[in-house]
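Here the structure is laid out as structure tokens; the discussion comes afterwards.
The values are calculated or read from the model by the stated rules, or taken from the named source; none is laboratory data. Quantities reported herein were computed from a predicted structural model and do not represent experimental measurements. With ideal geometry, Cβ positions are generated from the backbone for all residues, glycine too; neighbour counts draw on all protein chains shown.
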Amino acid sequence: MIASTREHRPPNPRGVRTRAVLAAGAVALAATACAPGSSAPPTASSAQPSASAVRTDAAALGNVTLTVWDQEVRGGQAAQMKQLNAAFEAKYPNIKLKRVSRSFDDLNTTLRLALSGNEPPDVVEANNGRPSMGAFVKAGQLRPLDAYAEAYGWKKRYPESVLRYSQYSADGKVFGQGNLYGLPQVGEVVGLYYNRAKLTKLGLQPPKTWDEFQAALDKAKAAGEVPMQLGNLDKWPAIHVFGTVQGRAVPADQISTLAFGRKGASWTTPENTKAAEQLVSWVDKGYFNDGFNGQGYDPAWQAFSKGQGVFLIAGTWLLADLDKALGKDLGFMLPPGATADAPPIATGGTGLPFAITAKSPNPDAAAAYIDFITNADAMKVLTTTGNLPVADTAEQSVKAGPQQDVFTAFGTATKSDGLVPYLDYATPTFADTLGAALQDLLAKKSTPQEFLATLEKDYKTFAESNG
């Protein structure tokens, strides 16, 4: 059973984000880090070394104490970290780990101050969004890891669709391209949960195309069922629903450009208009539960777990709770495309990446540690402790059922480079802009065109000012 790692809740002024690809940070770093093994922080004039300059023999590094800050505090999260840390220290007795584990919110609150101090931790889990990792990169507080990635083969182990969630330009302005600043352990993807028993009662199979999915919603409504559960009181849940609809109408490269806040795309396109219109049509047809805009996120998925609703668009972080409640009646799948063999496109991301701080005096040991907790053996440990490994996902052995559905879905999406970013990544203020605009759209307080114009204004203002 998969243990939730970090539920993707877009950041807002009150700091709400417990997953996802999932805020703190801000001296621009014009180039890259100093050579691995050096205790000096990166400077604007330093050049990133080649892989041959790094030391990968951790046993030959002498006695080292690594301070590691992480947010792996719940259930399977804590179990995998405890197991991997013990195995690392057993393999490398010369390296001692000083682990500091905090909740996601506590880590975000304290990390900014720690990174700006004279003795920051060596390894930290840093939220990969602009307000956190982007700001830390801009301030020169994280070390670029490209030389280590080459030395350890990380770019062969991880698909580009996963690595880009931890990539920034050296000045922190461009997200999704540039230097690598972290490596995650776990993955997440938004898809369709469905109630197998209810589909069977309706005489239906899991939909193989988007048209079949909408036909299933229509049939469920006609049969008196709740076709799809949604709780959008907090505004952010509809972002996942819209992202799923958008992926059926808008090319993946355009979604990525928009979601990473780069120039070169627009929200006010016919394709995005089609997606917004389709979402509104679901409201008109009564496909959502009554009062969904005023219902909380937890009550909505909990209602689905109690058999109220045929479908639920949500992320893999809900699997443990839903599997416990529905058991064999629970299914999970990637959102289907226009045809059964269409390339997969799904909103998704990673857990918090593990990064090396710029002032760490032990970057080689830190990189060896990150490699150890993300290698092929670590992915097996993550599986046995109920987590969703971000690499080698499809190769893991899990029992048939919902967990296997999730592993297969994530593995398929990443191997096909089918993951597209969370839309709230687009700008520092986009989570609030998009969440509020979607609530108005779903309440019929704005038209699809007005909705998209609101998004375009925020996106264009940021993209043009961001260089």
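For region 273-282, the criterion of a residue being surrounded by fewer than 21 Cβ atoms within 10 Å (Cβ to Cβ), out of contact with any strand residue (DSSP E or B) (no Cβ under 7 Å at 6 or more places or on another chain) and either on the phi > 0 side of the Ramachandran plot or assigned to a loop (DSSP other than H, G, I, E, B) (or both) is satisfied by no position. Do we have residue 92 as closer than 15 Å to residue 351 by Cβ and in the same structural domain as residue 380 (by TED's automatic domain parsing) here? When the stated conditions are applied, residue 92 does not pass them. Looking across 261, 309, 286, one residue alone is touching a Lys or Arg at 6+ places or on another chain (Cβ under 6 Å) and assigned to a loop (DSSP other than H, G, I, E, B). It is 286. Checking 401, 435, 386, 411 one by one, the residue that is within 24 Å of residue 130 (Cα to Cα) and of a type in the set (Gly, Ala, Ser) is 435 and no other. In region 143-165, the residues that are modelled with pLDDT under 95 form Cβ pairs under 6 Å with partners that are assigned to a helix (DSSP H, G or I), at six or more places apart or across chains, as follows: 155/149; 159/414; 161/414; 162/414. Each residue in region 312-333 was checked for being in a strand (DSSP E or B) and out of contact with any helix residue (DSSP H, G or I) (no Cβ under 9 Å at 6 or more places or on another chain), and 0 of them qualify.
The helices (runs of 4 or more DSSP H) found entirely in region 44-141 that carry 3 or more residues being surrounded by fewer than 15 Cβ atoms within 10 Å (Cβ to Cβ) are 75-91, 104-116.
Checking every residue in region 129-141 against the condition of being hydroxyl-bearing (Ser, Thr, Tyr) and over 22 Å from residue 390 (Cα atoms) gives zero matches. Residues in region 149-163 include none that are under 21 Å from residue 429 (Cα atoms), among the polar types (S, T, N, Q) and not assigned by TED's automatic domain parsing to the domain that holds residue 426. Apart from one condition, residue 188 fits all of (1) buried (at least 24 other Cβ atoms within 10 Å of the Cβ); (2) within 24 Å of residue 395 (Cα to Cα); (3) modelled with pLDDT of 95 or more; the exception is (3).
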